[in-house]
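Visitor: Sharing a structure, written as structure tokens. Questions coming.
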């Protein structure tokens, strides 16, 4: 789903940073799984985002809790060949969901080939065309929005090739003007509450804002950072800001944009300057994991104000969880498993092949802080063994 990963920064700086810190905007939190399967009812009681409560006494909870995928039988389509377009295998943020997509395809008995953009979106159209030329029946596009590969997608559609995205927006998305023709064959089913994927994505940011409001007792003074290069972050950022406006005692004291090219010292300097200019700030909002690790977290610690600032992080990959455990400039994250999303994309493709209804993926998100839902070590592990559910539904 679009909101759960920062759509790999597509720059060599991020590749280097990923290797150095295992950051991965989605990957380090690409979940491991347990054998126990929870039902939607079990999973609908997520942890609170913080130990504090709002003025009304209600602790914030996830508006879209994770739950087991639908178990409806949907037998595997036979003999399919698919291509998986990765936005950059050098970054774990792509390699984990892409690897999970390949794993799911193999479980279905399909052949899967990975085509690597190498963090260069300009190569995406050519890679889609390579997949077409290979005789692929389906193409999964990782973090590649439709406008980026419109011509190649039109060619694939003309040949009847099934296309599904992982964290990708279609050409008719309102943020692209809303007038384009949709080219993805189908989209992941996030449940009845997600008929408007943009609004659903905004809900992710809104839940982050609710946690911030609760943690500050309704007195949040926010330094808000965002990277508007990415469609998903435009939605999550809007959700956060719109929800914060509902809090009479809250305000945004600084709104600062940056780009992926600034990850590292440049971003850290921006954060440092903002904190110096706004001693009244009580909250810092990070848009994604890489920004937390390569700028925001270090600047907060160096400011000497870590104990006085509430920092809302990104997707909650393992390095961010380590920062929460050790109190190093991060208080909470909003987690959604990227490998689960990849399995859901392949399940969607299978249903499109067999002309079956696209089943509820069970996907959502879970707010985690030091007191709620934080594992003792390592990555977040969902209670739902989604792989087992999917394989049973596929009959494999």
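The values are calculated or read from the model by the stated rules, or taken from the named source; none is laboratory data. Worth saying up front: this structure is predicted, and the values here are computed from it rather than measured. Note: ideal-geometry Cβ built from the backbone for every residue, glycine included; neighbour counts use all protein chains shown.
Visitor: For segment 332-348, which residues satisfy the criterion of being assigned to a strand (DSSP E or B) and more than 12 Å from the chain's Cα centre (by Cα)?
Guide: Here is the first cut: in segment 332-348, the residues assigned to a strand (DSSP E or B) are 332-335.
Within segment 332-348, just 332 meets the criteria.
Visitor: Mind checking which residues of segment 220-234 are farther than 16 Å from residue 292 by Cα, over 12 Å from the mean Cα position of the chain (by Cα) and outside any loop (DSSP other than H, G, I, E, B)?
Guide: Scanning segment 220-234 gives 221, 234.
Visitor: What pairs come up if the first residue lies in segment 56-79 and is under 12 Å from residue 210 (Cβ atoms), the second is surrounded by fewer than 19 Cβ atoms within 10 Å (Cβ to Cβ) and modelled with pLDDT of 90 or more, and their beta carbons are under 9 Å apart, counting only those six or more places apart or on different chains?
Guide: As it stands, the answer is 59/372, since those pairs meet every condition given.
Visitor: Moving to a separate point now. I'd like to verify a number: residues in segment 110-131 that are part of a loop (DSSP other than H, G, I, E, B) and out of contact with any helix residue (DSSP H, G or I) (no Cβ under 9 Å at 6 or more places or on another chain), how many?
Guide: Of segment 110-131, the ones part of a loop (DSSP other than H, G, I, E, B) are 110, 117-120.
From what is left, the residues that are out of contact with any helix residue (DSSP H, G or I) (no Cβ under 9 Å at 6 or more places or on another chain) are 120.
Qualifying residue count for the region: 1.
Visitor: In addition: With (1) closer than 25 Å to residue 95 by Cβ; (2) free of Cβ contacts under 8 Å to residues at least 24 places away in the same chain; (3) touching a helix residue (DSSP H, G or I) at 6+ places or on another chain (Cβ under 9 Å) as the list, and residue 390 as the residue in question, which single condition is left unmet?
Guide: (2)
Visitor: Name the residue that is nearest to the chain's Cα centre (by Cα), counting only residues in segment 181-198 that are at pLDDT 95 or above, more than 20 Å from residue 338 (Cβ to Cβ) and surrounded by fewer than 18 Cβ atoms within 10 Å (Cβ to Cβ).
Guide: If we take residues in segment 181-198 being at pLDDT 95 or above, more than 20 Å from residue 338 (Cβ to Cβ) and surrounded by fewer than 18 Cβ atoms within 10 Å (Cβ to Cβ), then 182 is nearest to the chain's Cα centre (by Cα).
Visitor: Exactly one condition in (1) out of contact with any helix residue (DSSP H, G or I) (no Cβ under 8 Å at 6 or more places or on another chain); (2) surrounded by fewer than 21 Cβ atoms within 10 Å (Cβ to Cβ); (3) not in a loop (DSSP other than H, G, I, E, B) is not met by residue 217; state its number.
Guide: Against the list (1) out of contact with any helix residue (DSSP H, G or I) (no Cβ under 8 Å at 6 or more places or on another chain); (2) surrounded by fewer than 21 Cβ atoms within 10 Å (Cβ to Cβ); (3) not in a loop (DSSP other than H, G, I, E, B), residue 217 comes up short only on (3).
Visitor: Kindly indicate the residue of segment 154-176 that is assigned to a helix (DSSP H, G or I) and more than 23 Å from the chain's Cα centre (by Cα) and also surrounded by the most Cβ atoms within 10 Å (Cβ to Cβ) among those meeting that condition. Break it down into steps so the answer makes sense when it comes.
Guide: Keep residues of segment 154-176 that are assigned to a helix (DSSP H, G or I), which gives 154-158, 174-176.
Within this subset, residues satisfying the condition of being more than 23 Å from the chain's Cα centre (by Cα) are 154-158.
Numbers: 154: 13, 155: 15, 156: 24, 157: 16, 158: 9.
Taking the candidates together, the pick is 156.
Visitor: Another question, then. Starting from residues that are crowded, with 24+ Cβ neighbours inside 10 Å and part of a helix (DSSP H, G or I), keep the ones in segment 365-396 and report whichever is farthest from the chain's Cα centre (by Cα).
Guide: For segment 365-396, the residue satisfying everything is 390.
Visitor: Output the qualifying pairs, or none if there are none: Cβ atoms under 8 angstrom, residues six or more apart or on different chains, first residue in segment 165-185 and free of Cβ contacts under 8 Å to residues at least 12 places away in the same chain and at negative phi, second residue assigned to a loop (DSSP other than H, G, I, E, B) and crowded, with 16+ Cβ neighbours inside 10 Å.
Guide: Close Cβ pairs satisfying both conditions: 181/171.
Visitor: Another question, if that's okay. Which of the residues spanning segment 289-305 are surrounded by 20 or more Cβ atoms within 10 Å (Cβ to Cβ) and closer than 24 Å to residue 217 by Cα? Before you say what the answer is, go through the steps one by one.
Guide: Here is the first cut: in segment 289-305, the residues surrounded by 20 or more Cβ atoms within 10 Å (Cβ to Cβ) are 289-300.
If the condition is that a residue be surrounded by 20 or more Cβ atoms within 10 Å (Cβ to Cβ) and closer than 24 Å to residue 217 by Cα, then 292, 296, 297, 300 are the ones that fit.
Visitor: Between 362, 329, 316, which is in contact with a helix residue (DSSP H, G or I) (Cβ under 6 Å, 6 or more places away or on another chain), on the phi > 0 side of the Ramachandran plot, surrounded by 19 or more Cβ atoms within 10 Å (Cβ to Cβ) and not in a strand (DSSP E or B)? Steps first, please.
Guide: Details: 362 fails: in contact with a helix residue (DSSP H, G or I) (Cβ under 6 Å, 6 or more places away or on another chain); 316 fails: in contact with a helix residue (DSSP H, G or I) (Cβ under 6 Å, 6 or more places away or on another chain).
Every option except 329 fails the conditions.
Visitor: Which of the residues that make up segment 294-310 are in contact with a helix residue (DSSP H, G or I) (Cβ under 9 Å, 6 or more places away or on another chain) and outside any helix (DSSP H, G or I)?
Guide: 303, 305, 306, 309, 310
Visitor: Among the listed residues 225, 230, identify the single one that is modelled with pLDDT of 95 or more and closer than 16 Å to residue 314 by Cα. Full working, then the answer.
Guide: On the way: 230 fails: modelled with pLDDT of 95 or more.
Result of the check over 225, 230: 225.
Visitor: Let me ask something else about it. Does residue 210 qualify as being in a helix (DSSP H, G or I), surrounded by fewer than 20 Cβ atoms within 10 Å (Cβ to Cβ) and within 19 Å of the chain's Cα centre (by Cα)? Reasoning before the result, please.
Guide: Numbers: in a helix (DSSP H, G or I): yes; surrounded by fewer than 20 Cβ atoms within 10 Å (Cβ to Cβ): no; within 19 Å of the chain's Cα centre (by Cα): yes.
In short, no.
Visitor: Taking segment 57-75, which residues are at pLDDT 95 or above and surrounded by fewer than 19 Cβ atoms within 10 Å (Cβ to Cβ)?
Guide: The answer is 71, 72, 73, 75.
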